[in-house]
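Read the structure below first, then the notes.
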Amino acid sequence: SAVISQKPSRDICQRGTSLTIQCQVDSQVTMMFWYRQQPGQSLTLIATANQGSEATYESGFVIDKFPISRPNLTFSTLTVSNMSPEDSSIYLCSVERDENPREQYFGPGTRLTVT
Amino acid sequence: GEDVEQSLFLSVREGDSSVINCTYTDSSSTYLYWYKQEPGAGLQLLTYIFSNMDMKQDQRLTVLLNKKDKHLSLRIADTQTGDSAIYFCADRGGSQGNLIFGKGTKLSVKP
């Protein structure tokens, strides 16, 4: 498996502000992903963040709203910019181990409330 | 696009078996997964099955795959109160090979 931590675990933010979420993995991985889980909903992939290349965003998500950094093989950040109440969600990062890309492991999530 | 469907709720008594069902639409699925999410926690990978298999057993968990009908099920034997959680089915397929998740089935186990 993989040990993944996220900071912060939860936050309450004012509309119009930005929040940066950190994801740390216990070993080097090439593939990292950011998901959003809206209240009572399933997970939706925001983007794939591979070290050494620009993040690849899914339909409906743009870099200006969700900029991502991937400075090394154990760390990534997702920023939620210019927040509105519709951005209230759980944000999860996940990784696939290079030696077994069939398995995807998730962090504990960041619970964001925008007021 | 690809879609994964699950029933939203299941209630069972402690000690009974639970069966959670999932259907998917993607013909090019390679792997299908079951994840468990406890309240306030992230997703825990429970098990997964390769698309050319029809059954996989792992302790109390049995996964059945009917590829012809695109139907996946997760059976939990001797269900315990600690099994109460939301269970997500996910399909890896499509042009990008990303995971597509169902909405999750909330399992409630009554003592």
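Some points to look at:
- Amide H to amide H distances under 5 Å link B:Glu14 with B:Lys110, where only residues 5 or more positions off or on other chains count and H is placed in the peptide plane.
- Taken over the range B:38-111, the convex hull of the Cα atoms encloses 112 Å³ per residue.
- Reported value for the range A:43-103: 101 Å³ per residue, from the convex hull of its C-alpha atoms.
- Relative contact order for chain B, counting Cα pairs under 8 Å that sit 6 or more residues apart, in percent: 38
- Cβ-defined net charge surrounding A:Thr44, 9 Å radius [Lys, Arg +1; Asp, Glu -1]: 0
- Carbon + sulfur, % of accessible area of chain A - ligands and nucleic acids excluded, 1.4 Å: 48
- Overall, the accessible surface of chain B at a probe of 1.4 angstrom is composed of carbon and sulfur to the extent of 48 percent.
- For the range A:52-67 versus the range B:45-83, the gap between their alpha-carbon centres in whole angstrom: 34
- For the protein assembly as shown, diffusion coefficient by Stokes-Einstein and Kirkwood Rh (Cα), 4 °C, 1.567 mPa s, µm²/s: 71
- Stokes-Einstein, applied to the Kirkwood radius of the range A:7-54 over Cα pairs at a viscosity of 1.567 mPa s and 4 °C, places its translational diffusion at 98 µm² s⁻¹.
- Rounded to the nearest 0.05, the FRET efficiency derived from the C-beta distance between B:Val19 and B:Met53 at R0 = 22 Å is 0.75.
- The contact between chain B and chain A removes approximately 1400 Å² from the accessible area (both sides summed; 1.4 Å probe; ligands, DNA and RNA excluded).
- Phi angles across the range A:39-49 convert, under the Karplus curve 6.51 cos²θ - 1.76 cosθ + 1.60 with θ = phi - 60°, into 3J(HN,Hα) values of x, x, 10, 7, 8, 10, 6, 8, 6, 9, 10 Hz, Gly and Pro given as x.
- Other protein chain Cβ atoms within 10 Å, averaged over every residue that makes up B:37-43: 6
- For chain A, the Cα gyration tensor yields ellipsoid semi-axes of 23, 14, 13 Å (square root of five times each eigenvalue, largest first, whole Å).
- Considering every alpha-carbon pair of the range B:1-71, the percent of pairs per 5 Å bin, from zero through the bin containing the longest distance, is 3, 12, 23, 25, 21, 10, 4, 0.
- Computed from phi, the 3J(HN,Hα) profile of the range B:73-85 under the Karplus parametrisation 6.51, -1.76, 1.60 (θ = phi - 60°) reads 9, 10, 9, 10, 7, 6, 4, 10, 4, x, 7, 4, 4 Hz, with x in place of Gly and Pro.
- In this structure the range B:25-111 gives 47 Å² per residue of accessible area when probed at 1.4 Å with all protein chains present.
The values are calculated or read from the model by the stated rules, or taken from the named source; none is laboratory data. Small disclaimer: the values here were computed from a predicted structure and weren't measured. Heads up, the Cβs are rebuilt from the backbone with ideal geometry, glycines too, and the neighbour counts pull from every protein chain shown. Note: accessible area is taken over every heavy atom of the protein model, side chains too, but ligands, DNA and RNA are not part of it. Shrake-Rupley method; radii C 1.70, N 1.55, O 1.52, S 1.80 Å.
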